[in-house]
Ligand SMILES: [Zn+2]
């Protein structure tokens, strides 16, 4: 969804600066620094969300400094407007990872106003090659698509190597190790597909669709419902009724619920699902606290498989 049409919250307060403090905390053991005692200046990397930021850190190891513009699990990234602190980070960035697809247009705007035209900019949607389906809207939540994430990992590795040729080997090794850990996630999707392929689900927003589609599940939610929720618009009474009926009529096995975009209408969907005994699977747009990308996606698949098995 283009930010221009979204609700905007200008976060020019110190609260938004406090969010940044949490950005650097999720690296775990694993990334390879490439050895050598005297580490050169770290490569300045900015990612629009902590999802891409986590992946960049995993590939860059201790040769990078990563700033993630959005990392608050309680905030809807669609309605984010970035602040001066991030503006400064972007003006100095050597490598930038943006989502693209209209999700985080502020990144390009801020690069321009910060006169940074030398950064290597990786646009995940562009890397994915995904486009809007006939008559539909592009699903920009490409970090739920593991083949795309693998491709972006390679691009990040290449961009870092350009900025820090001494780390090239380490970046390649780290990207390969990361991609190897995506394979079990894809295998998990295949497993769900085998057990539950063709079963229906409902969603509140398109966030999880690449994952549910790869898992063979059929989204039965009226498009006007999920699109309105994502845009922050009202759902017409007819569409709402049609959406809520999915649960009572047992047309779906689970409701996959975006916790980061909720309101009275999604609450109604959640209540209807619960009343009908349909499991609710919460998902988010950004990393939950204390989780890295791989752990997060493992939990998402566990929750989905658990709900379908009920
Ligand atoms: Zn979204």
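Every number in this text was worked out from the coordinates using simple rules, so none of it is lab data. Note that the coordinates shown come from a computational prediction; the quantities given were computed from them, not determined experimentally. Note that each Cβ is placed from the backbone with ideal geometry, even for glycine, and that neighbours are counted across all protein chains shown.
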*For the chain, what size does the Cα cloud have along each of its three principal axes, sorted from largest down, in whole Å?*
64, 41, 35
*Using only Cα atoms, what is the ratio of the radius of gyration of the range 228-310 to 2.2 N^0.38 Å?*
1.17
*Quick one: length gained pulling residue 180 to residue 289 fully straight, 0.36 nm per residue minus the C-alpha distance?*
36.9 nm
*What shape does the range 252-295 have by the C-alpha gyration tensor, where a ≥ b ≥ c are the square roots of the eigenvalues, rounded means a/c under 1.5, and otherwise prolate means a/b greater than b/c and oblate the rest?*
oblate
*asked:* For the range 173-239 and the range 88-123, what is the centre-to-centre distance using only Cα atoms, to the nearest Å?
replied: 28
_On a full-extension model of 0.36 nm per residue, what is the gain between residue 105 and residue 85, subtracting their alpha-carbon distance, rounded to one decimal in nm?_
5.5 nm
*If you take the alpha carbon radius of gyration of the range 43-119 and divide it by 2.2 N^0.38 Å, what ratio comes out, to two decimals?*
1.01
*Footprinting exposure proxy for 246, 138 (fewest neighbouring C-beta atoms within 10 Å first)*: 138, 246
_With the cut-off at 1.5 for a/c, could you classify the range 109-245 from its C-alpha gyration tensor as rounded, prolate or oblate?_
oblate
*On a 0 to 90 degree scale, rounded to 10, what angle separates helix 168-196 from the longest Cα axis of the chain?*
10
*Could you work out Rg/(2.2 N^0.38 Å) for the range 153-310, with Rg from alpha carbons only?*
1.22
*Identify which of 183, 158, 223 has the largest mean-square fluctuation in a Gaussian network model of the chain, with springs joining Cα atoms closer than 10 Å.*
183
*Say each of residue 241 and residue 169 gets a label point 7 Å from the Cα, pointing the same way as Cα to Cβ; how far apart are those two points in nm?*
6.9
*Computed helical MRE - 222 nm, the chain, DSSP H runs ≥ 4 contributing -39500 (n - 2.57), nearest 500*: -14500 deg cm²/dmol
*residue 41 versus residue 131: modelled label distance in nm, points set 7 Å from Cα along the beta carbon direction*: 4.1
*What do the square roots of 5 times the Cα gyration tensor eigenvalues come to for the range 146-185, in whole Å, largest first, as semi-axes of the equivalent ellipsoid?*
20, 10, 4
_Multiplying the sequence separation of residue 194 and residue 250 by 0.36 nm and subtracting their Cα-Cα distance, what value in nm do you get?_
18.1 nm
*What residue among 147, 73, 165 has the largest mean-square fluctuation in a Gaussian network model of the chain, using Cα springs under 10 Å?*
165
